[in-house]
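See below for the structure under consideration.
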Amino acid sequence: MASLTDDDLDGVSEGRTYPDGTVIRVFTMRTDHDAYPSGWAYKFHYGATEPDPPRTLEDGTIRRYDNSHEDTKGHERHVAPGSGPDIIEFPGMVELWARFWSEAPKSELEVE
């Protein structure tokens with residue numbers, strides 16, 4: 001696959017459930033809403049279909065990047081086992097997408 005661009009990632013909303021009981025859900029959208037100073041709303045989630053602490057967080061998360069509270073908390077990385085999210089620097093959408101897929105033990109979903 002050719003290198004992705006911000007335009008390729010704008011409007012992505014995909015999910016896949018795997019036979020091993022894990023799930024990947026990715027969502028990216030450009031936005032000019034004040035709650036997202038980066039210009040993006042996103043969530044990259046790798047988790048289990050059934051929570052299994054301490055292998056997962058209470059909601060089944062194994063690893064997640066999101067900016068659900070960017071205007072107040074910033075960009076977050078949630079990793080199991082863990083006590084809370086880590087605040088990260090937002091490197092840009094293409095770079096964060098690549099980071100997530102380098103850490104999730106699944107093949108990258110094709111983006112059209």
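The values are calculated or read from the model by the stated rules, or taken from the named source; none is laboratory data. For clarity, every value in this text was computed on a predicted model and none was experimentally measured. We place every Cβ from the backbone using ideal geometry, glycine too, and count neighbours over all the protein chains shown. Heads up: the accessible areas ignore ligands, DNA and RNA and are worked out on the full protein's heavy atoms, side chains in. Shrake-Rupley method; radii C 1.70, N 1.55, O 1.52, S 1.80 Å.
May I ask you to list pairs of residues, at least six apart or on different chains, whose Cβ atoms are under 6 Å apart, with the first in the stretch 85-112 being without any contact (Cβ under 8 Å) to a residue 24 or more places away in the chain and the second being among the small types (G, A, S) and surrounded by 13 or more Cβ atoms within 10 Å (Cβ to Cβ)?
If the second residue must be among the small types (G, A, S) and surrounded by 13 or more Cβ atoms within 10 Å (Cβ to Cβ), the pairs left are I87/G74.
Looking at the stretch 43-51, is at least one residue among the hydrophobic types (A, V, I, L, M, F, W, C), more than 18 Å from S107 (Cβ to Cβ) and within 11 Å of the chain's Cα centre (by Cα)?
no
Is it the case that G21 is open to solvent by less than 70 Å² (accessible area, probe 1.4 Å) and on the phi > 0 side of the Ramachandran plot? Full working, then the answer.
Numbers: open to solvent by less than 70 Å² (accessible area, probe 1.4 Å): yes; on the phi > 0 side of the Ramachandran plot: yes.
So G21 fits the description; yes.
Please count how many residues of the stretch 89-112 are open to solvent by less than 30 Å² (accessible area, probe 1.4 Å), within 25 Å of E58 (Cα to Cα) and not in a loop (DSSP other than H, G, I, E, B).
Taking the stretch 89-112 and keeping what is open to solvent by less than 30 Å² (accessible area, probe 1.4 Å), we get 92-93, 96-97, 100-101, 104, 109, 111.
Right, trim to within 25 Å of E58 (Cα to Cα) and you get 96-97, 100-101, 104.
Adding the requirement that they be not in a loop (DSSP other than H, G, I, E, B) leaves 96-97, 100-101.
Residues meeting the conditions: 4.
Please state which one of T72, T28, T56 is surrounded by 13 or more Cβ atoms within 10 Å (Cβ to Cβ), modelled with pLDDT of 95 or more and in a loop (DSSP other than H, G, I, E, B).
On the way: T72 fails: surrounded by 13 or more Cβ atoms within 10 Å (Cβ to Cβ); T28 fails: in a loop (DSSP other than H, G, I, E, B).
Matching residue, one of T72, T28, T56: T56.
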